[in-house]
Amino acid sequence: KRDPAQAYRLFELQMNLGLQRRRELAEDLRQAILTNHLDLHYQPLVRLDTGRIESVEALLRWDHPKHGMVSPLEVVAVAEQYDLALELNEWVIATACQQSLVWEAAKLPPVKMAVNISPAMYTKHDLVGSVSRIIDYYGIKPGRLMIEVTEDTTMQDIESSPDILHGLHRLGVELALDDFGTGYSSLSHLKKLPVDRLKIDKSFVHDLNNEPKDLRFIRTILSLAKSLELEVVAEGVELPQNLTDLTQEGCTLGQGYLFSKPVDADALEKILRDQQQGIRLPPWSDGYLN
Ligand code: C2E
Ligand code: MG
Ligand code: MG
Ligand code: MG
């Protein structure tokens with residue numbers, strides 16, 4: 001029989017464990033940033049007609065010595081809670097820029113590098129200043145960098161959003177609105193934001209074939225994007241059928257496990273070299289498509 005008092009004690013215990021874990025992670029994260037013990041993986045964004053890689057998204061990875069892989073969402077939550085957002089975001093932007101330069105020096109085909117920005121970096125810190133300093137420091141072409149902010153994050157600071165995004169644009173970096181469709185932004189909000197692309201959240205892509213509502217939603221986004229002259233990227237392309245459906249709807253860019261999971265820098269370099277040799281990503285290489 002269920003004992004409410006015992007259930008509550010269990011709940012309390014779990015809360016405390018959660019708190020303890022986060023406190024511990026925060027301490028270790030501070031060190032990991034300083035000692036460069038974090039990692040970025042990279043996932044290609046591809047042109048859906050040719051399979052060519054248009055850009056890569058840098059995604060945070062943390063292999064904690066005791067806890068193993070910690071999800072980037074938890075890392076970001078810890079950073080936001082323990083005042084490490086500035087350090088973490090600057091580490092991510094700087095590391096991604098460095099990697100981009102390494103690939104350029106290695107004469108790989110140029111690809112844009114997309115990085116994710118956490119809410120606190122956007123609302124509490126000088127994002128434009130940080131990006132500007134990092135770009136100057138590494139001397140990377142601003143047009144090579146793409147900043148991803150979620151629709152929700154831009155809503156949190158609805159007053160300053162146009163200024164922040166215009167500031168980034170003035171630097172020459174490109175802007176993507178991430179997880180689009182999951183937030184509550186309005187058309188009038190969207191109209192004020194100088195973004196270059198929308199990334200349709202994977203929750204709308206996954207079941208495209210069986211969910212007429214998702215298909216209608218994607219159609220709406222595509223026509224909205226067309227009238228606002230924005231690019232659209234579909235996230236979470238996992239099935240050949242997703243690719244067929246998206247292509248049919250006129251979506252031109254995609255990202256997902258069907259093409260490649262996020263992989264470490266060496267593996268991504270190999271993918272880029274293969275492309276140089278004419279070897280394409282699956283499913284194109286499988287002969288699934290022309
Ligand atoms: P996001 O920016 O929307 O990134 C896409 C997420 O979808 C990644 O998860 C990626 O691995 C996953 N994904 C890609 N293709 C597929 C697919 O076909 N199917 C499925 N089911 N998932 C796919 P990940 O790497 O776990 O990152 C989760 C979220 O954590 C990111 O969502 C982003 O919001 C945040 N994040 C990751 N790295 C960073 C970072 O460096 N800084 C900040 N601030 N946030 C980050
Ligand atoms: Mg993203
Ligand atoms: Mg997303
Ligand atoms: Mg997401």
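The values are calculated or read from the model by the stated rules, or taken from the named source; none is laboratory data. The shown structure was predicted, so the numbers you read here are calculated from the model rather than taken from an experiment. Heads up, the Cβs are rebuilt from the backbone with ideal geometry, glycines too, and the neighbour counts pull from every protein chain shown. Heavy atoms of the whole protein, side chains included, go into the accessibility calculation; ligands, DNA and RNA do not. Shrake-Rupley method; radii C 1.70, N 1.55, O 1.52, S 1.80 Å.
In table form, for the structure just shown:
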| item | result |
| --- | --- |
| Sole residue being in contact with an Asp or Glu (Cβ under 7 Å, 6 or more places away or on another chain), modelled with pLDDT of 95 or more and aliphatic (A, V, I, L, M), chosen from LEU258, LEU246, LEU272 | LEU258 |
| Of residues in region 26-49 being within 15 Å of ligand 1 (Cβ to nearest atom) and outside any strand (DSSP E or B), the one most open to solvent (accessible area, probe 1.4 Å) | HIS37 |
| Criterion (surrounded by 14 or more Cβ atoms within 10 Å (Cβ to Cβ) and away from ligand 2 (no atom under 16 Å from the Cβ)) met by exactly one of LYS107, LYS141, LYS66 | LYS141 |
| Residue that is nearest to the chain's Cα centre (by Cα) [pool: residues in region 177-194 that are within 13 Å of ASP152 (Cα to Cα) and open to solvent by 20 Å² or more (accessible area, probe 1.4 Å)] | ASP179 |
| VAL173 being within 16 Å of the chain's Cα centre (by Cα) and closer than 16 Å to VAL128 by Cα | yes |
| Within region 200-216, considering residues that are touching a residue at least 12 places away in the same chain (Cβ under 8 Å) and away from ligand 4 (no atom under 16 Å from the Cβ), the one surrounded by the most Cβ atoms within 10 Å (Cβ to Cβ) | LEU208 |
| Restricting region 268-283 to residues that are open to solvent by 10 Å² or more (accessible area, probe 1.4 Å) and in contact (Cβ under 8 Å) with a residue 40 or more places away in the chain, the residue that is nearest to LYS199 (Cα to Cα) | LEU281 |
| Test: ALA114 is hydrophobic (A, V, I, L, M, F, W, C), within 16 Å of ligand 4 (Cβ to nearest atom), within 27 Å of VAL46 (Cβ to Cβ) and within 18 Å of the chain's Cα centre (by Cα) | yes |
| Number of positions in region 149-201 that are part of a loop (DSSP other than H, G, I, E, B), charged (D, E, K, R) and out of contact with any Ser or Thr (no Cβ under 6 Å at 6 or more places or on another chain) | 2 |
| Pick from region 117-138, criterion in a helix (DSSP H, G or I) and of a type in the set (A, V, I, L, M), ranking: most open to solvent (accessible area, probe 1.4 Å) | VAL128 |
| Members of region 50-63 that are open to solvent by 40 Å² or more (accessible area, probe 1.4 Å) and assigned to a strand (DSSP E or B) | ARG61, ASP63 |
| Qualifying residue in region 78-90 (condition: open to solvent by 20 Å² or more (accessible area, probe 1.4 Å), part of a helix (DSSP H, G or I), in contact (Cβ under 8 Å) with a residue 24 or more places away in the chain and hydrophobic (A, V, I, L, M, F, W, C)) | yes |
| Some residue of region 246-261 being in contact with a His (Cβ under 8 Å, 6 or more places away or on another chain) and open to solvent by less than 30 Å² (accessible area, probe 1.4 Å) | no |
